[in-house]
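Just so it is clear, none of the values below were taken in a lab; they were calculated from the coordinates. It should be emphasised that the depicted structure is a prediction, and the values quoted were computed from it without experimental measurement. Glycine also receives a Cβ, built like all others from the backbone with ideal geometry; neighbour counts cover every protein chain displayed.
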Amino acid sequence: MAKLQAFIFDLDGTLIDSLADIAESINRMLDARGYPRCEKEVFKQMVGDGMEKLVERALPEAVRSEALIKVCTEEYRAQYDLLWQEQTRPYEGIVEMLAEMKQRGLKLGVISNKAHRFTVPMTEHFFGKGVFDHILGQRAEVPRKPDAAGAHEMAAFLGLQTDEMAYVGDSGIDMQFARNSGMRAVGVRWGFRSEAELRECGAELLISRAAELFDLC
């Protein structure tokens, strides 16, 4: 097994607890259209597949259409632009773990299904510029996770093979993404999805604290 040279992270539910701001942004969009709000906890199962899929899941089933989903996604983005800093915070121990990894000379990256225009500024806001060597959010021209395209793009940028990288995430999609691309699949227990989902989708290791990642170094 290749020695790990880089740790690549999912964003929402892994590095940051963003659920409250996502939920409120969606619910304000729903409010404006007279649709019922969604309870905060249901968003744990709704996020992870990109913004349009999140909006589709939040809309009442009877009104869903491709055209409405596109319009409502733009309305959600406008709300999220205003709210993403309100309650979102890094999870405990993340900032310290990243600083130690940088000190050890490890490469760091982010690959998220959140839109690229949110992923980059949010990551830099919460963790600072220069902490991560490369940040990739969802872009129209690149298939989203669990397709391996983003992992190969990251590996090429870092000058590594995918088996020299670990991917750390909180969902089954993240674990499938790691497996599909040849990265080590590390699941976090503090995120949005269940331990059972992580195991079923191929997690090689489950961690309860960020510092446990150093066991892989």
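Here the spin labels are modelled as points 7 Å beyond Cα on the Cα-Cβ line, and at residue 68 and residue 103 they lie 5.4 nm apart. Annotation: lysines with alpha-carbon distance below 18 angstrom to residue 3 (same-chain offsets under eight excluded): 102, 107. When +1 charges are put on Lys and Arg Cβ atoms and -1 charges on Asp and Glu Cβ atoms, the dipole computed for the chain relative to its Cα centre reaches about 200 debye. Converting phi to 3J(HN,Hα) with the Karplus coefficients 6.51, -1.76 and 1.60 and the offset θ = phi - 60°, the stretch 144-152 yields 7, 3, x, 4, 7, 4, x, 5, 5 Hz in sequence order, with x at every glycine or proline. Entry note, the chain: relative contact order of 25 percent, from Cα contacts under 8 Å with a spacing of 6+ residues. With a Förster radius of 30 Å applied to the C-beta separation of residue 86 and residue 204, the computed FRET efficiency comes to 0.30. Between residue 214 and residue 52, the FRET efficiency from the beta-carbon distance, with R0 = 41 Å, is close to 0.65.
Each of (i) 17.0, 54; (ii) 25.5, 101; (iii) 16.5, 46 is a candidate for Rg and Dmax of the Cα atoms in Å; the one calculated from this structure is (i).
Residue-wise HN-Hα couplings along the stretch 164-172, as the Karplus relation 6.51 cos²θ - 1.76 cosθ + 1.60 with θ = phi - 60° gives them from phi, are 9, 10, 10, 10, 10, x, 10, 10, x Hz; Gly and Pro carry x. Each residue of the stretch 208-217 was assigned a 3J(HN,Hα) from its phi angle through the Karplus curve 6.51 cos²θ - 1.76 cosθ + 1.60 (θ = phi - 60°); the sequence is 9, 9, 4, 5, 5, 4, 5, 5, 8, 6 Hz, with glycine and proline shown as x. Listed by chain and number, the lysines whose alpha-carbon sits under 27 Å from that of residue 53, ignoring those within fewer than 8 places in the same chain, are 40, 44, 70, 114, 145.
Out of all DSSP beta bridges with both ends in the chain, state the antiparallel percent to the nearest 5. Working shown, then result.
Working: 2 of 22 bridges.
Antiparallel: roughly 10 percent of the beta bridges in the chain.
Between residue 111 and 9, 10, 136, the built amide H atoms are under 5 Å apart, and every one of these is 5 or more places off in sequence or on another chain. Can you pull out the trypsin sites (Lys or Arg not before Pro) in the stretch 52-142 that DSSP calls coil and that have at most 16 other Cβ atoms within 10 Å? Those satisfying the criteria are 64, 104, 129, 139.
Counting only residues at least eight positions apart within a chain, or on another chain, there are no aspartates and glutamates with an alpha carbon under 12 Å from that of residue 129. Select from 175, 165, 101 the residue whose mean-square fluctuation is largest in a Gaussian network model of the chain (Cα-Cα springs shorter than 10 Å). Judging by the Gaussian network model, the answer is 101.
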